[in-house]
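Written below as structure tokens is the structure these notes are about.
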Amino acid sequence: MHIDMDAYFASVEQYRNHPELQGLPVCVGHDPKGGKGRGVVRAASYEARNHGIRSGMPVSRAYRLCPNAVFVSGDFQSYVNASGEFMAILREFADEGRVRRASIDEAYIETTFICQEYRHPKELALEIQTTIKDSTKLPCSVGIAPNMSVAKIATGMNKPMGITFVPQDPLEVVRFLAPLQVDALNGVGKVTAERLQRYDIKTLGQIQQMSVTELWPIMGRGSRWLHERASGIDERPLVDNGPRIRKSISKDRTFLEDVDPEAVDYLHETIFKICERIAEKVKKKALEYRTVTVKLRYADYTTIQRSRTLPVSTADADMLRRIARGIFDQKRDPERAVRLLGVKVSSLSDNSAQVCLADFL
Ligand SMILES: [Mg+2]
């Protein structure tokens, strides 16, 4: 199976970071500043796509297509966190935990054995999709096929929240691929597609009908690869590339209502609570941190992040509170209402092998 999260960055914003944005056209990208802004759309929700907005498009153009679209600057750490969550879910379903992460929001999983426990592979796909939705709040699509290449194509056929099944039978696979454009294949980019086009080759079906020898003058060394993939042949084994190594632990708190900058005690208290949660996690995982980062988002969505790195690693909870509070007091704008507060520890190291001095005191 190939699992691909739907409109990933935009979905994290809509379903996790800013639930009030559900149902609205949302773009992750720089402020379009009334059409004069620079930069590109990094992700667009399906509502935004309905207005013709696509990722990679200049934000100024997106603004003209849909002036009502909500632009958020994006929060990469939250995308990394959500990615870790759904990858862990995939690992629970996959045969022997075999998961191959392909990017932050997509992965292949081996399901040959576990599928036998279901009446149909689609049942398993639905269970995976529902589990991911329930536990991460995020939508995904699933492609089921005899190999990775075909599964990836299948996933893209029914988005969002789709499940596409391609049977094992090689003839069925060939039939599934035949009508598709050549650039449906992962690995056939614009240049290759244009070259094939010059020979009037537009669909995978046309490539299936040719021999490798006939393809040679057009594709050279790539001929065999192209012929095999177009015919649904992909012998690559699904090699597990391991769970992601934890690089940081973070926790955010978005306030239901923006917090007045005068309410310093409440903001401090919130930082302390967040630090407590993080310190617990650090302890449970037998880690130590060196860097502490405080994130502040103001009512107008501008976000600042400030860090401090210690000379040595520690797991000390009190230290974390003091540093986080210190950064907050020093870096915050005392005039502006706060929408979100976050704390992160990074530069993590494993202290499980070390004996903690405190254990002897
Ligand atoms: Mg995706």
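Look at the alpha carbon pairs under 8 Å that are at least 6 residues apart: their mean separation over the length of the chain gives a relative contact order of 13 percent. For the range 1-127, what does the alpha-carbon gyration tensor say about shape, rounded, prolate or oblate, given a ≥ b ≥ c as the root eigenvalues, a/c under 1.5 as rounded, and a/b over b/c as prolate? In terms of gyration-tensor shape, prolate. When the charge dipole of the chain is built from unit charges on Cβ atoms (+1 for Lys and Arg, -1 for Asp and Glu) and taken about the Cα centre, the candidate among His30, Cys140, Pro170 whose Cα reaches farthest toward its positive end is His30.
Restriction of the trypsin sites (Lys or Arg not before Pro) in the range 85-179 to DSSP coil positions whose beta-carbon has at most 11 other beta-carbons within 10 angstrom yields Arg119.
Placing R0 at 56 angstrom, the Cβ-Cβ distance between Leu65 and Arg322 gives a FRET efficiency of 0.70 after rounding to 0.05. Placing +1 on the Cβ of every Lys and Arg and -1 on the Cβ of every Asp and Glu, with nothing else charged, gives the range 161-250 a dipole about its Cα centre of roughly 500 debye. Applied to the range 75-92, the Karplus parametrisation 6.51 cos²θ - 1.76 cosθ + 1.60 on θ = phi - 60° returns per-residue 3J(HN,Hα) values of 9, 4, 4, 5, 6, 5, 4, 5, 4, x, 5, 6, 5, 5, 5, 4, 4, 5 Hz, with x for Gly and Pro. Of the GluC sites (Glu not before Pro) found in the range 52-148, no site is in coil according to DSSP while having at most 13 other Cβ atoms within 10 Å of its Cβ. Sites listed here are trypsin sites (Lys or Arg not before Pro) in the range 224-271 whose DSSP assignment is loop and whose Cβ has at most 16 other Cβ atoms within 10 Å: Arg244, Arg246, Lys247.
Rounded to the nearest 500, the helix-only mean residue ellipticity at 222 nm of the chain stands at -11000 deg cm²/dmol, with each DSSP H run of n ≥ 4 adding -39,500 (n - 2.57). If each of Asp258 and Asn186 carries a label point 7 Å out from its Cα toward its Cβ, how far apart are those two points in nm? Here the answer is 4.3 nm between the modelled labels. In the range 171-230, a dipole from Cβ-located charges (positive for Lys and Arg, negative for Asp and Glu) runs towards its positive end, and of Pro179, Gln208, His227 it is His227 whose Cα lies farthest in that direction.
Which value, in debye to the nearest 20, describes the size of the charge dipole of the chain about its Cα centre when Lys and Arg Cβ atoms bear +1, Asp and Glu Cβ atoms bear -1, and nothing else is charged? My answer is approximately 1120 debye.
For the range 222-302, a crude dipole built from +1 on the beta carbon of Lys and Arg and -1 on the beta carbon of Asp and Glu, taken about the Cα centre, is about 680 debye to the nearest 20.
None of the figures in this text is laboratory data; all of them are computed from the coordinates on show. Because the structure is a prediction, the values reported are computed rather than measured. Note that we place each Cβ from the backbone using ideal geometry, even for glycine, and neighbour counts take in every protein chain shown.
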